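Below you'll find the structure, written out as structure tokens, and then a few comments.
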Amino acid sequence: MRIGVPSLLVLCALLSSCVTAEEVKRVEASQRPPSPALRSAIVSAARDYLVDPYSVRDAEISHVVDASKDGKIQAVCVKFNSKNRMGGYVGRSALSVRVVNDKPVSAVQDPPGCYLPGMKYRPFPELENLKNI
């Protein structure tokens, strides 16, 4: 996945502390479970994005939210722990994945929006199962 400048700006504006409480409520109200196709696409993209995708553990995926008011751009957060280039686990972190037409198009590491108390998460065993491939 590539991080494009427009997507980075959209996600930073949406998921940073500069948004209003009403905007946060709008985003949280738009939550819906990720489709199986999106979950599968994120797992496939993780193979290229992560340093050691086969070491992923403690994985969770959030519900999909509308990142734009018109609903054309969505975002989903993935929390996980994986190994870094030195071979050690780095601790649990979050990745916000920008989604267009049910496909991941870019990612932002540790955005504040992934840590909103109203975000709903569920286990993401498909991501952890990469180690069994």
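The values are calculated or read from the model by the stated rules, or taken from the named source; none is laboratory data. If you're wondering where the values come from, they're calculated on a predicted model, not measured in any experiment. So basically every Cβ, Gly included, is an ideal-geometry build from the backbone, and we count neighbours across all protein chains shown.
For segment 72-99, taking the residues that are among the aliphatic types (A, V, I, L, M) and touching a helix residue (DSSP H, G or I) at 6+ places or on another chain (Cβ under 9 Å), the one that is modelled with the lowest pLDDT is identified as Ile73. Inside segment 18-38, residues that are within 16 Å of the chain's Cα centre (by Cα) and either buried (at least 19 other Cβ atoms within 10 Å of the Cβ) or of a type in the set (S, T, N, Q) (or both) make up a count of 6. State whether the residues of segment 111-133 include one that is in contact with a Pro (Cβ under 7 Å, 6 or more places away or on another chain) and within 16 Å of Leu38 (Cβ to Cβ). No: segment 111-133 contains no residue that is in contact with a Pro (Cβ under 7 Å, 6 or more places away or on another chain) and within 16 Å of Leu38 (Cβ to Cβ). What number of residues within segment 97-117 satisfy the criterion of being touching a Lys or Arg at 6+ places or on another chain (Cβ under 8 Å) and not in a helix (DSSP H, G or I)? Of the residues in that region, 6 qualify.
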